[in-house]
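Here is the structure we will look at, set down as structure tokens.
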Amino acid sequence: MNETGNSRTSSPVQALLERLHERHAGDLSGEVASYIPELATSNPTWFGISMVTADGSVYEVGDTRREFTIQSISKPLTFALALEAIGEEEVRRHVDVEPSGEAFNSITLQPGTGLPLNPMVNAGAIATASLIEPLGFEKPIDRILHEYSQFAGRHLKVDEQVFRSENETGNRNRAIAYLLKNAGVIERDVEEVVETYFRQCSTLVTCRDLATMAATLASTGVNPVTGERVLREDTVRDVLSVMASCGMYDSAGDWLYTVGLPAKSGVAGGIIAVLPGQLGIAIYSPPLDVHGNSVRGIKVCEDLSDELHLHVMSPARRPPPPIRIERTCHDSRSKRLRPPSEQAILAENGRRAKVLELQGELSFAAGELVTGSALHRAEHTDFAVLDFRAVRAIDLIDVPILSHLIESYEEAGGEIAFSDVDRHPLFLDELTRYREEEGLHPVRTFPDLDLALEWCEQGLIEKFGDLEADPELSLAQHGATLGMSIEEIELLSSHLEHVIFEAGELFYGTEMVPPEQMLLVTAGKISLLAEADVGGYQRLATLSPGMTLGEVSMIAGTPLAGLPRADTEVKAWILTAGDLEVLRARNPDLVVTLLENLLRQVAQRVGQLRAELMR
Ligand code: GLN
């Protein structure tokens, strides 16, 4: 059971941590560190496991609230502080980033450069600590503690007893510091630097603090519990890289191979491991192996990595393919309802317009895959749409790549558009700027896929239909009169009234068209709108000549679903419910034919709605 009475006991993650705790609790192999006398007083049975996710959820079991000293887990944190304080270049003039394959306390410098091998071994960590200026604090250690506290999300302090114990016995570290001073790596007073280093190692933390620190590194430098940004993103990358290659000293290679997570251990028994983007793990268990790493800490990490598939190189971690789905205008239509003549054109040529719905995080490789796939088919299609609705993020590296896609697609004779890309304003701005600079035309964009589809359809109709401009349909050409004789059409027409709406007019439910009427549209375009939650209108459908409006609500006596607006000048015939009654009495066969034709149109609309629900 976890000692905090945490309410997450029922979650599978909590259950897993409890299982691991139980599995390894009895394993007391290894030795509690004793070279720092004060550490030897630790009880080997103390054992805690904590996990903090990138969204700030905390899971813990065992001794997760017991304080102990951070020791070497301080090293990546001070390294991060130094990187941000004096810049990468300056830090690299004092410490290398090569895995040493040697013990944490080895007294060696890099043969060629004379620098400590990396900031995770003592020599490198002491050099790093020497780089921290107090900057507004009394001493460097105060600034360091301030930073560690931000990582933990609570105020941390030094265990004076452990500090004194190490300060009195830490002659090996003093020797390393003098070596560094001699090599010109340390410029300050050696005693001062060593004191700072011993104090940072003696910072008191809990297992939960360490997991929060690890989670801060996992979530790009923002502490997920406090929401505070502690580090810049580029610093996080540098720190995690060094942790991955050097964090476990002379067992770093084995660790990366088996556990596969950037990690850091300390001789008091703590270990942290980071799954970038997702979570931080910490274990506290004092008995150590010969490398100075917590025995149970390693075992728990191995099991967690295995059971939760955390290894960063694991194939299970590969991102989803960038193209979520590929369709054509043959199987995917816009909400615009079209007369049979246009439908026939789309049925025949719909495959010449291609839609790629993209998804996930588009990296360089993803951009290349999209380009490859779309280009591959360029010769077979005339129109292409890249839809960005399901894209979570795009790397700006894709700007030239996708721009090149536009060019090569158009060189092959096609036209291409992006839909829903304004949800990535940074990318769109950069793409616009880039194309402007290169002297290329702006990218064609649509606010949503539906409008982009309509653009494709229109393009196909213009390309493959006969190019005559839309004249007004005669009543005999209208879909509602299909199968009627000339006499019947004449009779029907005597009961209709011809109307014209101006472009932009919202007309239904107004005096112009009361609800007990329907329209037979013979020219122009009508959009059916719904008021959107976010304000403004959302388009439900577009009607073209040959279609009817209001037939369902007239016959069923229900309100019209949507608000009609004339997108262009619209010409139509009005049939009222009263006239339909009169017609029924005069020629019931005519009314049956009319209703059959209307039913066919309704069926088309229902079919389209269904297709839309499925996509
Ligand atoms: N303070 C310890 C030392 O320098 C830290 C070592 C460690 O945790 N590996 O010896």
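Any read-out appearing in this document is the output of simple, stated calculations on the displayed coordinates, not a laboratory observation. Remember, predicted model here, so these are calculated numbers, not experimental data. As a convention, Cβ positions derive from the backbone with ideal geometry for all residues, glycine included, and neighbour counts pool all protein chains shown.
What is the distance in Å between the Cα centres of the range 96-151 and the range 518-572? Here the answer is 71 Å between Cα centres. Judged by the mean number of other Cβ atoms found within 10 Å, the most tightly packed of the peptides 362-368, 214-220 leads the ranking 214-220, 362-368. Label point 7 Å out from Thr41 along Cα-to-Cβ: which residues of the range 184-227 have amide N under 18 Å? In the range 184-227, the label zone of Thr41 (backbone N under 18 Å from the point 7 Å along Cα→Cβ) covers 199, 201-206.
Judged by the mean number of other Cβ atoms found within 10 Å, the most tightly packed of the peptides 60-72, 320-332, 303-315 leads the ranking 60-72, 320-332, 303-315.
For helix 340-349, report the angle its Cα long axis makes with the longest principal axis of the Cα atoms of the chain; keep it between 0 and 90° and round to the nearest 10°. For helix 340-349, the angle is close to 40 degrees. Residue separation of Val606 and Val13 scaled by 0.36 nm, minus their Cα-Cα distance, works out to 209.0 nm of gained length. The stretch between Arg229 and Ala365, if pulled fully straight at 0.36 nm per residue, gains 46.1 nm over its current Cα-Cα span. With both labels modelled 7 Å from their Cα along Cα-to-Cβ, the Glu569 to Glu326 distance reads 4.5 nm.
Starting from 0.36 nm per residue, how many nanometres of slack lie between Asp27 and Met313 once their C-alpha separation is accounted for?
Working: separation 286, 0.36 × 286 = 102.96 nm, distance 2.90 nm.
Value of the extension gain: 100.1 nm.
Given contacts defined as C-alpha pairs under 8 Å and at least six residues apart, what's the relative contact order of the range 340-420, whole-number percent?
Working: 108 pairs, mean separation 30.4, N = 81.
Relative contact order of the range 340-420: 38 percent.
Annotation: the residues Tyr148, Tyr409, Tyr178, sorted from fewest to most other C-beta atoms within 10 Å of their own C-beta, follow the order Tyr178, Tyr409, Tyr148.
Computed FRET efficiency, Cβ-Cβ of Ala344 and Leu496, R0 25 Å: what is it to the nearest 0.05?
Calculated transfer efficiency: 0.40.
Compared with the dominant Cα axis of the chain, that is its longest principal axis, helix 449-464 is turned about 50°. The angle between the Cα long axis of helix 295-307 and the longest principal axis of the Cα atoms of the chain comes to about 10 degrees, rounded to the nearest 10.
Placing unit charges on each Cβ (+1 for Lys and Arg, -1 for Asp and Glu) gives the chain a dipole about its Cα centre, and among Val570, Phe364, Ser251 the Cα reaching farthest toward its positive end belongs to Ser251.
For Lys139, a cut-off of 17 angstrom between C-alpha atoms picks up these lysines, skipping any fewer than 8 places away in its own chain: Lys157.
Between Ala390 and Thr258, the simple spin-label model (points 7 angstrom out along Cα→Cβ) gives 4.0 nm. Calculated FRET efficiency, Leu482 to Ser408, Cβ-Cβ distance, R0 = 56 Å: about 0.80 to the nearest 0.05.
Explain nothing, just the number: relative contact order of the chain, from Cα pairs under 8 Å at least 6 residues apart, as a whole percent.
Details: 1220 pairs, mean separation 67.5, N = 615.
Relative contact order for the chain comes out at 11 percent.
Using Cβ point charges alone (K and R +1, D and E -1), the dipole size of the range 476-609 about the Cα centre works out to roughly 380 debye. In terms of its C-alpha gyration tensor, the range 334-393 comes out oblate, because a/c is 1.5 or above while a/b does not outweigh b/c.
Ranked by the mean number of other Cβ atoms within 10 Å of their residues, highest first, the peptides 566-576, 599-609 fall in the order 566-576, 599-609.
Which loop trypsin sites (Lys or Arg not before Pro) in the range 118-202, with loop taken from DSSP, have no more than 16 other Cβ atoms within 10 angstrom of their Cβ? Could you put the intermediate results ahead of the total?
Values: sites: Arg143, Arg154, Lys157, Arg164, Arg172, Arg174, Lys181, Arg188, Arg199; in loops: Arg154, Lys157, Arg188.
Sites meeting the loop and neighbour criteria: Arg154, Lys157, Arg188.
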